[in-house]
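As structure tokens, the structure follows; a few thoughts come after it.
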Amino acid sequence: MDELKFNKLFAGVLLAALVFMAGIKGAQILVPSHDGHGVAEHKNAYPIEVAEVADTAGAVAAPVGPEPILALLAEADIAAGMKLAKKCTACHVFDEGGANKVGPALWNIVNADKGGVAGFGYSDALAGFGGGWDYAALNAFLYKPKAYIAGTKMNFAGLKKPKDRANMIAYLRSLSASPAALPTDADIASEAQ
Ligand code: HEC
């Protein structure tokens, strides 16, 4: 190989290298990498959005109805329950010796008989339902009154958040000269099943 041919070849290689490097530089400009080291191969310049599809295969159906609240009761916030009671005061009085309004007076309601407040005209549905207002019954009723007692005349949509129901029931529990006992660990365990 004579010198001229060698020079031409060398120039060709050099040019190819330059074009190659310019190509990389161009790619870096087009696809800036965040760390500044070369072309960002680890990230897509144009992220491909993949819609998140919920993996429903084998998923347990969402529980219907009121979630358990007994475990929440011990730490429930009575003051928050008192605030929530503003949703009830259009129809209920909470004071000791309070009068019946649209709904019965609710002093000392935890563990009272259902439909037992003297002088209140209950619906047949509630009057005939039976049992007392233990924590489980209050949880179910306050979640969705008309689902628990079909035909009740309490027109209230319900408290959908478990924490709200726990706070509300803790407030109701406090409205008594001798508040009902808090649930035991055994009560909590059997409710959760
Ligand atoms: C729109 C009026 C209204 C609102 C709001 C309302 N209630 Fe009532 N409530 C009633 C009526 C009416 C009854 C009686 C239902 C029946 O006889 O079927 C009742 C019954 C009850 C009972 C059963 C009492 C018993 O003696 O058996 C409880 C407990 C109760 N309400 C709690 C609440 C709480 C707690 C709230 C607020 C979170 C609330 N209610 C909101 C109207 C209302």
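Some points to look at:
- Spans of helices (runs of 4 or more DSSP H) in segment 104-191 with at least 2 residues touching an Asp or Glu at 6+ places or on another chain (Cβ under 9 Å): 135-143, 162-174
- Residue in segment 74-81 that is modelled with pLDDT of 95 or more, assigned to a helix (DSSP H, G or I) and out of contact with any helix residue (DSSP H, G or I) (no Cβ under 7 Å at 6 or more places or on another chain) present: yes
- Qualifying positions in segment 118-152 - surrounded by fewer than 17 Cβ atoms within 10 Å (Cβ to Cβ), touching a residue at least 60 places away in the same chain (Cβ under 8 Å) and touching a Lys or Arg at 6+ places or on another chain (Cβ under 9 Å): K144
- Selection count where residues are open to solvent by less than 60 Å² (accessible area, probe 1.4 Å) and aliphatic (A, V, I, L, M), scope segment 72-97: 6
The values are calculated or read from the model by the stated rules, or taken from the named source; none is laboratory data. Here the structure is a predicted model, which is why all the values come from computation and not from measurement. Note that each Cβ is placed from the backbone with ideal geometry, even for glycine, and that neighbours are counted across all protein chains shown. Quick note on the areas: whole protein, heavy atoms, side chains included, nothing else; ligands and nucleic acids left out. Shrake-Rupley method; radii C 1.70, N 1.55, O 1.52, S 1.80 Å.
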